[in-house]
Amino acid sequence: MLTIILGDKNSEEFLKSSKYVDYNDGLFDEEYQEEWFADEFIKQILKEIDHIDLKKSTGICFKNSITGDVHSHKELSTSCKTLILMYKYPNVVFQARFGDNCNDFVEQIAVKSNITIKADYFHLYKFKFIKEINYINYGVIARNRQEMQKLFSQFIEDNRLELPESEVDNRPLQERHPDFYRRIKELEAKQNK
C-alpha cells in the first residue's frame, strides 16, 4: 500500500514516529551497494528515468544511452536515487524527490511493500498497479483520480498563500508583464494569418 504524508498539515505528528529522510542524495551516496544493480527492477528504473545502461568492467559505470556519457553512482538523478532507496528500504519515509514520470515505479514498489512517502506537492498517480492511496494526514483514502481531485481541492485551500494587500499587484497583465503580453499577441497574430 502507498501511504502519503501530503504537505505540512499535521505532518510532524506522522513523521515523529518514523525514520524520515529528507536528503535522499546523501543517504544514497553513503548506502550505495554495487550488488543492488544486479536487480532487474533497479535496472528498469535506471533505463526509464535516467536512460542509463549499466556497464561492468572494473566496478559499475553508468552510461547514458542518449548522450553516451559515463557517470558514477553519485551522478544519478535524485529521482533514481529516491526510487532505489524506497525499494531497498521500504520502512523508511523518504521525501518524494521525483516527478510524475516516476509514479509508475512508486506504484510498483507499493505493491511489493507498504511504503510511506512525504510529498510537498500533489503527484498524479494512475492507479495502474495499486488500488488505493492513503493520504494519512488528511484522513483520506483515494481509490481513483476522481477521489484524488476532491483531496487536491482541499490541499490547494490548505496551502493557499495569503499575501498582504500591499503586496498584491492588481494591474492588468499587460502592465505587469508587457514583454509576455506582447509575445502572446504576436503568437495570436501568427495563428490568425
Item checked: Candidate set: the stretch 64-97, residues that are of a type in the set (D, E, K, R) and closer than 17 Å to Leu2 by Cα; chosen: the one modelled with the highest pLDDT -> Lys88
Notebook entry, point to check: Here are some conditions: (1) closer than 30 Å to Gln33 by Cα; (2) in contact with a strand residue (DSSP E or B) (Cβ under 8 Å, 6 or more places away or on another chain). Asn103 meets all but one. Which one does it not meet?
Noted result: (2)
Next item on the list: Please find, within the stretch 1-42, the residue that is nearest to Tyr135 (Cα to Cα) out of those that are in contact with a Phe, Trp or Tyr (Cβ under 7 Å, 6 or more places away or on another chain) and assigned to a helix (DSSP H, G or I).
Entry: Asn24
Check: Which one of these is modelled with pLDDT under 95 and buried (at least 17 other Cβ atoms within 10 Å of the Cβ): Ile117, Ile136?
Finding: Ile136
Next item on the list: Tell me the helices (runs of 4 or more DSSP H) entirely within the stretch 98-179 that contain at least 2 residues that are over 30 Å from Ile84 (Cα atoms).
Entry: 145-158, 173-176
Item checked: Residue under evaluation Tyr87, criteria (1) under 26 Å from Arg143 (Cα atoms); (2) assigned to a loop (DSSP other than H, G, I, E, B), criterion not met -> (2)
Next item on the list: Only residues that are assigned to a helix (DSSP H, G or I) and either of a type in the set (Asp, Glu) or surrounded by 17 or more Cβ atoms within 10 Å (Cβ to Cβ) (or both): list them for the stretch 43-52, please.
Entry: Ile45, Leu46, Glu48, Ile49, Asp50
Note to self: Pairs needed: first member in the stretch 136-158, more than 18 Å from Glu13 (Cα to Cα); second member anywhere, part of a helix (DSSP H, G or I) and at pLDDT below 90; C-beta distance under 7 Å; at least 6 residues apart or different chains.
What the structure shows: Ala142/Met148; Ala142/Leu151
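The values are calculated or read from the model by the stated rules, or taken from the named source; none is laboratory data. If you're wondering where the values come from, they're calculated on a predicted model, not measured in any experiment. Note that we place each Cβ from the backbone using ideal geometry, even for glycine, and neighbour counts take in every protein chain shown.
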